[in-house]
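Rule-based calculations on the coordinates, nothing more; no lab input. Model, not experiment: these values are computed from the prediction. As a convention, Cβ positions derive from the backbone with ideal geometry for all residues, glycine included, and neighbour counts pool all protein chains shown.
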Amino acid sequence: MDAQGIISCWEQGRRRHPLDRALLLHAAATPDADPETLADRTLGERNAALLRLRQSLFGDALKSCVECPECGEPLEFALSASAFLERAPAAGTRHATVGDYRVRLPTTRDLASVAGEPDEASATRKLLDRLRGDSDSGADSISADELASALDAADPCMDLTLELSCPACAHRWNAPFDVPAYLWEEVDVRARRLLDEVHALARSYGWSEREILGLSDTRRHAYLERVLA
């Protein structure tokens, strides 16, 4: 996406549900795909597409900061989009094996179907029912942990988790890495910054938004330096 595309994406997604924002970003990452089909693509496929979009927009390094849940110490570190993409399964992977049963890999549509469930247990059970489809009802015996392990093995790019260790208290824990949320936050920051730049240059030069956003980043920043000098 160019500067205009970033603002357009931000405008469309700023009041949407996070799952809808993920689909919006997925559409931006795969402009040649039919948008109506994206909700039925696996979460791993979606995450991989968003990581590639992130690389093209902001580079490979993913700077992150979390607080230790034990002592509150802030941890700053950098991840790599390329390293995550190495986990992506072979194209066409759509199922996982849980014991003697075969289940579908979850999609954004599946997550949307359980978003309104009152607790994790009921959401997990409903999700499992969707994923096993017409399989034998004996699949009801599958636990949430068994399901999660099988899905992670089939598609390691579906549910990205970070293994963290606090240098202050040595506490170790796992933290989820939400690719759509991370990318959306960056798009939100970039879009707001671009709007500030449009505001400053339009006031000084009388240019339209389209003219300002049509400038390269280098030229736009050069004009801003002169306006703010």
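Some observations on this one:
- Listed candidates (i) 1.28; (ii) 1.00; (iii) 1.22 - label of the one calculated as Cα Rg over 2.2 N^0.38 Å: (iii)
- Amide H contacts under 5 Å for Leu79: Leu62, Lys63, Ser64, restricted to partners 5 or more places along the chain or on a different chain, H placed in the peptide plane at 1.01 Å from N.
- If you plug the beta carbon distance of Leu164 and Phe58 into 1/(1 + (r/R0)^6) with R0 = 25 Å, you get a FRET efficiency near 0.65.
- Length-normalised contact order of the range 94-154 in % [C-alpha pairs under 8 Å, at least 6 apart]: 44 percent
- Packing around the peptides 148-158, 165-175, 11-21, taken as the average count of other Cβ atoms within 10 Å per residue, puts them in this order, highest first: 148-158, 11-21, 165-175.
- Cβ charges +1 (Lys, Arg) and -1 (Asp, Glu), total dipole of the range 1-148, debye: 460 debye
- Top positive-direction residue, dipole computed over the range 94-154 with Cβ charges, set Pro118, Ala154, Ser143: Ala154
- Rounded to 10°, Cα long-axis angle of helix 3-13 versus longest principal axis of the chain: 50 degrees
- Under 15 Å, Cβ to Cβ, from Pro69 - net charge with Lys/Arg +1 and Asp/Glu -1: -3
- Highest-first packing order for the peptide set 38-49, 119-130 is 38-49, 119-130, based on the mean count of other beta carbon atoms within 10 Å.
- The chain: angle of helix 144-154 to the longest principal axis, Cα-based, in degrees nearest 10: 60 degrees
- Seen against the Cα atoms of the chain and their longest principal axis, helix 217-228 is set at about 50 degrees.
- The mean sequence separation of alpha-carbon pairs under 8 Å and at least six residues apart, normalised by the residue count of the range 47-142, gives a relative contact order of 18 percent.
- In the chain, helices alone account for a calculated mean residue ellipticity at 222 nm of -16000 deg cm²/dmol, with every DSSP H run of four or more residues adding -39,500 (n - 2.57).
- Relative contact order, whole percent, for the chain stands at 23, derived from Cα pairs under 8 Å and 6 or more residues apart.
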